[in-house]
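Q: Supplied in structure tokens, the structure appears directly below.
The values are calculated or read from the model by the stated rules, or taken from the named source; none is laboratory data. In this text, all values refer to a predicted model and were calculated from it rather than measured experimentally. Here Cβ is always computed from backbone atoms with ideal geometry, including for glycine, and neighbour counts include all displayed protein chains. Areas reflect the complete protein model, heavy atoms only, side chains present, ligands, DNA and RNA absent. Shrake-Rupley method; radii C 1.70, N 1.55, O 1.52, S 1.80 Å.
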Amino acid sequence: MSNEPEKLPAAGSDSQRKTLDDRQRMTDLERIRHSCAHVLATAILRIWPDAQFAAGPPVETGFYYDVELAHRISPEDFPRIEEEMRKEIKANHVFEKVVVTREQAIADAKAGRLAALGERSVPSKFKLDIVQGIPEGEPISYFRNGDFLDLCAGPHVMRTGNVGAFRLTHVASAYYKGDERNPQLQRIYGTAFKNKTELEAHFAMIEEAKRRDHRKIGAEMGLFALDAEYVGPGLPLWLPRGTVIVEELEKLAKETEFQAGYVRVRTPHLAKEKMYRTSGHLPYYAESMFPPMEMLEEDERKKRDQLTEKRADLIQLLESMENAVSPNPKGLTPEGLRREIAQLEVEMGLIGGRYYLKAMNCPHHHRIFAAEPRSYRDLPLRLAEYGSCYRYEQSGELFGLMRVRALQMNDAHIYCTAEQFADEFRAVNDMYLKYFKIFGLEKYQMRFSTHDPAKLGQKFVNEPELWVKTEAMVRDVLVQSGINFVEVPNEAAFYGPKIDVQVWSAIGREFTIATNQVDFAVPARFGLTYRDRDNTGKTPLCIHRAPLGTHERFIGFLIEHYAGNFPLWLAPEQVRVLTIGDDDALVAYAKGIVDELRAQFVRVEGDYSPNKINGKILDAEKSKVHTMLVIGGRDRDAGAVSVRLHGKGNVGAKPKAEAIAEILGAIRERKG
RNA sequence: GCCAGUUUAGCUCAGUGGUAGAGCACCCGAUUUGUAAUCGGACGGUCGUCGGUUCAAAUCCGACAACUGGCUCCA
């Protein structure tokens, strides 16, 4: 989750193009899947000869082929498509490679012969476009299996019969080359494996994934609710048991940050338009923000309407100038107009009366920095807040707790001098590692996003030396700490390099869980300065960091990571005391234990009902209570309790005091 | 936002044009029990919403909403 506006990477950028070398490294499984995509296309063409195909690559869990077809393919069509596919596999055609010239490929595409069973009356339009996009000098090849001929760099398995066990899984829609201006295609997904056993193991894993799904477990355990009708889509309600987890995480963050020298602040959930004009978030980020609330007085409204109208006129003029061939008679320049528009926007911001829900906390923190005069002696200043943000994510992007419109971020901004930067950055990094250890995150990867010098002044602020310097410092810290990271050029934020942490839940789903960004531009936009030793004002560097991400995504991740079986310190219900029967003396003994634990702030409940102990245990196990203390007459007489751990079963009886001490110790140390 | 799919009780799901069902949960009784299901009863739904077709709609048609899958890991 980014703190800041983020430009999408340019569509179809050549730097992402897979090289032929990459392709030759395709694994056996990828070859099977890619070949299966060709078999799929063959089958579709046998049923719908006018299908137009675009791309059909292997992907992480299988393969897909994008097809344009008037008929809407639905899962009901899968059986007959699969039947045609089985015929093609049974025919055991050779995957035959044919190297051709560019001219030949273009001619064949125009003749409709590519991704087809023969010549057709209309061109293979997507293949034609793809051929034309292949760089000069790169060899062009086809693969043929039986009648089916496709533009393809390969590689493939030897014969269609080598495609092992496969299954079509689902249909989705995809824009050609992922650009919504392009035609929308039907994407048929399937998966293939060497044999039936592996295919079945794959689907068993999917079942496991469904079982761990945070939305399902969240509902079962009563952690959170999504009430789209009354509260709104993407606006989660934290139920009491989920709130426990929220507050335990905040407690962890507060303790950790306190020891690391952070100070806490609190800020309102909204701010005036001027804030986001100054920060530069408007208008670029406006689409991701909730629309503003207007609290304008009559005369303010009038002035604002005038300015809005003038701005619209200027924008229209600018557009006509840019499209026009003849020079402007008034001698206006596009640059001048843009300056004037920017000036108008600043004036609009100055009117006030217009408030935005904040989509990020940094501007508020910057104003806290500005609220008092700062000396170099005050730095580094580390401002921390679990800040509430609101982002208007597109409706189709919403997903359980993972993608929401209201979120609370484990945010902090560290203001420091260039000399302090490396130490500060290292400390932030250490904090990430500390957290990973607590949560048992063994598999993670840091994505280090850097700038592209060619795009200084456009996509990236024009501070070439600062870019190089900070990137080098960040890289050094990562290398020194032996962290697993990848460097991704051209993906930095516009104001500095950033690190995103990718984690995988136990079922292999990938998430960006946390972010850490360097900012050497926005503090200047807010005119933030500190008084240095030489008695001059200097602009601080700023590190944005959110190692625990947002409550929403982090807890969504933890639910899947633990499959709802939270460690003791996080468990909504930590302990349940179960009596065997409801004999008065027994219940009194049990209540004494409950009271003792509750006095120590343990989340404990008692089940004193006269039901059978098996039934009570089942109840507690289903509720995922971490520790069950089973108490019968024998235990009472011995001053003992029988300890049973969720999912682990009975671990035996022990003296009451010992059991309580162990529980308190495990909670304090945040152990399982 | 776009394409597709889904929506029946708190949960899991039956119900293909003719009186809305089951199991579990919740509630009320009874059951005195040693580590994953004691028994009985009662309660619970305008079948997502709105509209249409029909003598009759959970069921057929349409619109809307919400949710879900996906929206370049490129020939």
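Q: Of the cross-linked pairs A:LYS87/A:LYS216; A:LYS254/A:LYS455; A:LYS434/A:LYS469; A:LYS110/A:LYS455, which ones have a Cα-Cα span greater than 32 Å in the structure shown?
A: A:LYS87/A:LYS216; A:LYS254/A:LYS455; A:LYS110/A:LYS455
Q: I need the calculated FRET efficiency for the pair A:LYS612 and A:ARG670, taking r as the beta carbon distance and R₀ as 51 Å, to the nearest 0.05.
A: Numbers: r = 35 Å, r/R0 = 0.69.
Working from the Cβ atoms, E equals 0.90.
Q: As a test of reading the structure, rank A:TRP467, A:TRP238, A:TRP48 by solvent-accessible area (1.4 Å probe, protein chains only), most first.
A: Values: A:TRP467 0, A:TRP238 60, A:TRP48 30 Å².
The ordering from most to least exposed comes out as A:TRP238, A:TRP48, A:TRP467.
Q: Please compute, for the alpha-carbon atoms of region A:165-276, the extent along each of the three principal axes and give them in descending order in Å.
A: For region A:165-276, the Cα extents along the three principal axes come out at 57, 39, 36 Å.
Q: Let me ask you something else. Set the Förster radius R0 to 60 Å, insert the Cβ-Cβ distance between A:ALA70 and A:GLU596 as r into 1/(1 + (r/R0)^6), and round the FRET efficiency to 0.05. Before the final figure, lay out each step's value.
A: Numbers: r = 72 Å, r/R0 = 1.20.
Calculated transfer efficiency: 0.25.
Q: Ordering A:ARG86, A:ARG634, A:ARG301, A:ARG277 by accessible area with a probe of 1.4 Å, largest first, what comes out?
A: Numbers: A:ARG86 125, A:ARG634 210, A:ARG301 90, A:ARG277 45 Å².
Reading off the accessible areas and sorting them downward yields A:ARG634, A:ARG86, A:ARG301, A:ARG277.
Q: Another question, then. Expressed as a fraction of 2.2 N^0.38 Å, the rule-of-thumb size for a compact globular protein of N residues, what is the C-alpha radius of gyration of region A:575-668?
A: In units of the 2.2 N^0.38 Å rule of thumb, it is 0.96.
Q: Can you compute the charge dipole magnitude of region A:575-668 about its Cα centre, using +1 on each Lys and Arg Cβ and -1 on each Asp and Glu Cβ, nothing else charged? Give it in debye, rounded to the nearest 20.
A: Dipole of region A:575-668, to the nearest 20 debye: 360 debye.
Q: Any idea how far the Cα center of region A:653-671 sits from the one of region A:513-584, in Å?
A: When both Cα centres are located, 27 Å separates them.
Q: Something else now. On a 1.4 Å probe surface of the protein chains, which of A:GLU345, A:GLU83 comes out largest in accessible area, and what is the full order?
A: Result, largest first: A:GLU83, A:GLU345.
Q: Okay, next question. Name the residues of region A:380-424 whose amide N is less than 16 Å from a point 7 angstrom out from the Cα of A:LYS216 along the C-beta direction?
A: Correct set: A:400-401.
Q: Averaged per residue, what accessible area in Å² does chain A show with a 1.4 Å probe, protein chains only?
A: Per residue, chain A has an accessible area of 49 Å².
Q: Counting only protein heavy atoms and using a 1.4 Å probe, what share of the accessible area of chain A belongs to carbon plus sulfur, as a whole percent?
A: Here carbon and sulfur together make up 51 percent of the probe-accessible area.
Q: Once ligands and nucleic acids are excluded and a 1.4 Å probe is used, how much of A:GLU309 is accessible, expressed in Å² to the nearest 10?
A: 120 Å²
Q: On to the next question. Please give the calculated 222 nm ellipticity per residue for chain A, where each DSSP H segment of at least 4 residues contributes -39500 (n - 2.57) and the sum is spread over every residue; nearest 500 deg cm²/dmol?
A: Working: 20 runs with 260 residues, N = 672.
It lands at -12500 deg cm²/dmol.
Q: Starting from the amide H of A:HIS93, placed 1.01 Å from N in the peptide plane, find each other amide H under 5 Å away whose residue is 5 or more places distant or on another chain.
A: When sequence neighbours closer than 5 places are left aside, the close amide H contacts are A:THR160, A:GLY161.
Q: Taking amide H positions as placed in the peptide plane 1.01 Å from N, state which residues far from A:ALA55 in sequence (5 or more) or on other chains have amide H under 5 Å from it.
A: Under 5 Å from the amide H of A:ALA55: A:ASP66.
Q: To the nearest 10 square angstrom, how much accessible area does A:LYS358 have with a 1.4 angstrom probe?
A: The value for A:LYS358 is about 0 Å².
Q: About the Cα centre of chain A, what is the dipole size in debye to 20, counting +1 per Lys and Arg Cβ and -1 per Asp and Glu Cβ, all else neutral?
A: Around 720 debye, computed over chain A.
Q: Turning to a different aspect of this structure: Against the empirical 2.2 N^0.38 Å scaling, what ratio does the C-alpha Rg of chain A come to?
A: 1.17
Q: Percent of Cα-Cα pairs more than 31 Å apart in region A:18-206, please.
A: That tail contains 10 percent of the Cα-Cα pairs.
Q: Under the Karplus relation 6.51 cos²θ - 1.76 cosθ + 1.60, θ = phi - 60°, what is the ordered set of whole-Hz ³J(HN,Hα) values for region A:356-366, x standing for Gly and Pro?
A: Once rounded to whole Hz, the list reads 10, 5, 6, 9, 7, 9, 4, x, 4, 5, 4.
Q: Each residue of region A:152-165 in order: what ³J(HN,Hα) in whole Hz does its phi give by Karplus 6.51 cos²θ - 1.76 cosθ + 1.60, θ = phi - 60°, with x for Gly and Pro?
A: Coupling constants for region A:152-165: 6, 8, x, x, 10, 6, 5, 9, 4, x, 7, 5, x, 8 Hz.
Q: Check cross-link reach from A:LYS310 to the lysines: straight Cα distance under 20 Å, and skip same-chain residues fewer than eight apart.
A: The reachable lysines, counting only those whose Cα sits under 20 Å from A:LYS310, are A:LYS274, A:LYS302, A:LYS330.
Q: Roll a 1.4 Å probe over the protein heavy atoms and report the accessible area of A:TYR390 in Å², nearest 10.
A: My reading of the accessible area for A:TYR390 is about 50 Å².
Q: How large is the charge dipole for region A:18-206, taken about the Cα centre, if only the Cβ atoms of Lys, Arg (+1) and Asp, Glu (-1) carry charge, to the nearest 20 debye?
A: Roughly 280 debye for region A:18-206.
Q: Put +1 on the Cβ of each Lys and Arg and -1 on the Cβ of each Asp and Glu in chain A; which of A:CYS36, A:VAL651, A:SER320 then has its Cα farthest toward the positive end of the dipole?
A: A:VAL651
Q: List residues of region A:45-78, by number, whose backbone nitrogen lies under 11 Å from a label position 7 Å along Cα→C-beta of A:ILE206.
A: Correct set: A:61-63.
Q: I'd like the trypsin sites (Lys or Arg not before Pro) in region A:409-443 restricted to DSSP loop residues with at most 15 other Cβ atoms within 10 Å, sorted by number. Mind dumping the intermediate values first?
A: Working: sites: A:ARG426, A:LYS434, A:LYS437, A:LYS443; in loops: A:LYS443.
Taking region A:409-443 and a limit of 15 other Cβ atoms within 10 Å, the loop trypsin sites (Lys or Arg not before Pro) found are A:LYS443.
Q: A further question on this structure: So which aspartates and glutamates can A:LYS591 reach, going by Cα to Cα under 18 Å and dropping same-chain residues fewer than 8 places off?
A: A:GLU573, A:ASP582, A:ASP583, A:GLU605, A:ASP607, A:ASP635, A:ASP637, A:GLU658
Q: With θ taken as phi - 60° and the coefficients 6.51, -1.76 and 1.60, list the Karplus ³J(HN,Hα) couplings across region A:42-48 in order, rounded to whole Hz; mark glycine and proline as x.
A: Along region A:42-48, the couplings run 4, 5, 4, 5, 5, 8, 10 Hz.
Q: Cα to Cα, under 14 Å, and not fewer than 8 places away if on the same chain: which aspartates and glutamates meet these conditions relative to A:LYS358?
A: A:GLU4, A:GLU273, A:GLU287, A:GLU385, A:GLU393, A:ASP411
Q: Cα gyration tensor of region A:353-471, axes a ≥ b ≥ c as square roots of the eigenvalues: rounded (a/c below 1.5), prolate (a/b > b/c) or oblate?
A: Rounded, since a/c falls under 1.5.
Q: How long is the gain from A:ASN182 to A:ARG80 if the chain were fully straight, where each residue apart is worth 0.36 nm and the alpha carbon distance is subtracted?
A: 33.8 nm
Q: Which one of A:PHE601, A:PHE511, A:VAL67 is farthest out on the positive end of the charge dipole of chain A, using unit charges on Cβ (Lys, Arg +1; Asp, Glu -1) and the Cα centre as origin?
A: The residue sitting most towards the positive pole is A:PHE601.
Q: Could you pull out every residue, at least 5 positions away or on a different chain, whose amide H is within less than 5 Å of the one on A:THR450? Hs are placed 1.01 Å off N in the peptide plane, and Pro or chain starts have none.
A: A:VAL488, A:ASN490, A:GLU491, A:ALA492
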